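This report concerns only the one structure given below.
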Amino acid sequence: MKVLLVEDHRQYADLIQEKLESKFGFDVTVATDPTAAHGHLHAHRYDVVVVDVLYRKLSESYNQQRERARSSLSQLRPFNISGLSTLREVTRSPETAMVVWTSGDPNRTLHIVMAYQTFRVRAFCSKESTYSDIATAISAAAERRPHVDVTLRPFLPRATLPPLGEILFKEVRWRAIWRALAAGSPEHEVTARMTNYEVQTVRKTMAPMAESLSALSPRLTSRRQPLNILSSYATFHWEFFLDRAVVEMFPHTSANSRS
């Protein structure tokens, strides 16, 4: 079985590669980031692709760019790249199965939900798993059987949860406002400047955004101001809201084309 393992910690990836090959007979190729993975996917056919969600060096580098963006959403381009880009690429080859292999950190929740809802991933394996567990997840994915280890099970969406696109990106202006907040916009005026919407428009839009968000996070209290709710949520999940694949699937339009 040909497996592509996308993992940025090379020493760890090499260890997993050696175990999967020597113990289970898999033919494993390692890619250290989504860009390298896309090159392999274009050149070769794989039975299963094992994808990490976030890549530390990419996120750390992009975070410096994010923190400087205060004038326009255009300052956020090019957006951060994550495992969602790889999953999106893999879906172009229906014969290739997918495994999400990631830690159970809360800032990865939205990535996992999108992997499940949008990209139909059904095999999830945590970084705390043994190489035998990883092999089990790979085999399950190849056979189109669901596999979710206990660490990641709480992150999967409930059956009644609406699609993330409907909850977070239902309206085009919501997308622009989420991205300004994820960049760290602290107030309505800064968000208005970054999106080129009127301040009053931003204020009025945030209330329905917060109400929609409650479907995803019911514990968020309605007693807080919408700005505070949305700002804290967007800042915590900035790697999702400023993800290149997410932006491409849910593009924003501000009041002029510069953003």
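The values are calculated or read from the model by the stated rules, or taken from the named source; none is laboratory data. Here the structure is a predicted model, which is why all the values come from computation and not from measurement. Positions of Cβ are generated from backbone atoms using ideal geometry, with glycine treated the same way; all protein chains shown enter the neighbour counts. Remember, those area values only see protein heavy atoms, side chains included, never the ligands or the DNA or RNA. Shrake-Rupley method; radii C 1.70, N 1.55, O 1.52, S 1.80 Å.
Could you tell me whether residue 193 is of a type in the set (Lys, Arg), part of a helix (DSSP H, G or I) and open to solvent by less than 30 Å² (accessible area, probe 1.4 Å)? Walk me through it before giving the result.
Numbers: of a type in the set (Lys, Arg): yes; part of a helix (DSSP H, G or I): yes; open to solvent by less than 30 Å² (accessible area, probe 1.4 Å): no.
Criteria not met by residue 193.
Tell me, which residue of region 42-79 that is open to solvent by less than 50 Å² (accessible area, probe 1.4 Å) and polar (S, T, N, Q) is farthest from the chain's Cα centre (by Cα)? Break it down stepwise before answering.
We begin by selecting, within region 42-79, every residue open to solvent by less than 50 Å² (accessible area, probe 1.4 Å); these are 46-55, 59, 62-63, 65-66, 69, 72-74, 76, 79.
Remaining after also requiring polar (S, T, N, Q): 59, 63, 65, 72, 74.
Numbers: 59: 12, 63: 15, 65: 18, 72: 23, 74: 20 Å.
Applying the filter and picking the extreme gives 72.
So how many residues does region 200-244 have that are in contact with a strand residue (DSSP E or B) (Cβ under 7 Å, 6 or more places away or on another chain) and open to solvent by 30 Å² or more (accessible area, probe 1.4 Å)?
Start the filter on region 200-244 by keeping residues that are in contact with a strand residue (DSSP E or B) (Cβ under 7 Å, 6 or more places away or on another chain), which leaves 239, 242-244.
Those still in the list that are open to solvent by 30 Å² or more (accessible area, probe 1.4 Å) too: 244.
Residues that pass the stated criteria total 1.
So residue 107 passes all but one of these: (1) modelled with pLDDT of 95 or more; (2) within 21 Å of residue 40 (Cβ to Cβ). Which condition number does it fail?
Against the list (1) modelled with pLDDT of 95 or more; (2) within 21 Å of residue 40 (Cβ to Cβ), residue 107 comes up short only on (2).
From the list 201, 221, 235, 195, which residue is out of contact with any Phe, Trp or Tyr (no Cβ under 8 Å at 6 or more places or on another chain), at pLDDT below 95 and among the β-branched types (Val, Ile, Thr)?
Details: 201 fails: at pLDDT below 95; 235 fails: at pLDDT below 95; 195 fails: at pLDDT below 95.
Every option except 221 fails the conditions.
Helices (runs of 4 or more DSSP H) wholly in region 33-95 with at least 3 residues that are of a type in the set (Ser, Thr, Tyr) and touching a residue at least 40 places away in the same chain (Cβ under 8 Å) - which ones? Break it down into steps so the answer makes sense when it comes.
On the way: elements: 34-43, 56-68, 83-90.
Because the criterion is at least 3 residues that are of a type in the set (Ser, Thr, Tyr) and touching a residue at least 40 places away in the same chain (Cβ under 8 Å), no helices (runs of 4 or more DSSP H) in region 33-95 meet it.
Exactly one condition in (1) of a type in the set (D, E, K, R); (2) in a loop (DSSP other than H, G, I, E, B); (3) over 30 Å from residue 193 (Cβ atoms) is false for residue 23; which is it?
Going through the list (1) of a type in the set (D, E, K, R); (2) in a loop (DSSP other than H, G, I, E, B); (3) over 30 Å from residue 193 (Cβ atoms), residue 23 breaks only (2).
Quick check, is residue 29 β-branched (Val, Ile, Thr), surrounded by fewer than 20 Cβ atoms within 10 Å (Cβ to Cβ) and not in a helix (DSSP H, G or I)?
yes
Of (1) touching a Phe, Trp or Tyr at 6+ places or on another chain (Cβ under 7 Å); (2) closer than 19 Å to residue 70 by Cβ, residue 168 satisfies all except one. Which?
Just one mismatch for residue 168, condition (2).
Would you point out which residue out of 168, 152, 156, 181 is closer than 30 Å to residue 135 by Cβ and either modelled with pLDDT under 95 or open to solvent by less than 20 Å² (accessible area, probe 1.4 Å) (or both)? So that I can check it myself, show each step before the final result.
Details: 168 fails: closer than 30 Å to residue 135 by Cβ; 156 fails: either modelled with pLDDT under 95 or open to solvent by less than 20 Å² (accessible area, probe 1.4 Å) (or both); 181 fails: closer than 30 Å to residue 135 by Cβ.
Just a single option satisfies the conditions, and that option is 152.
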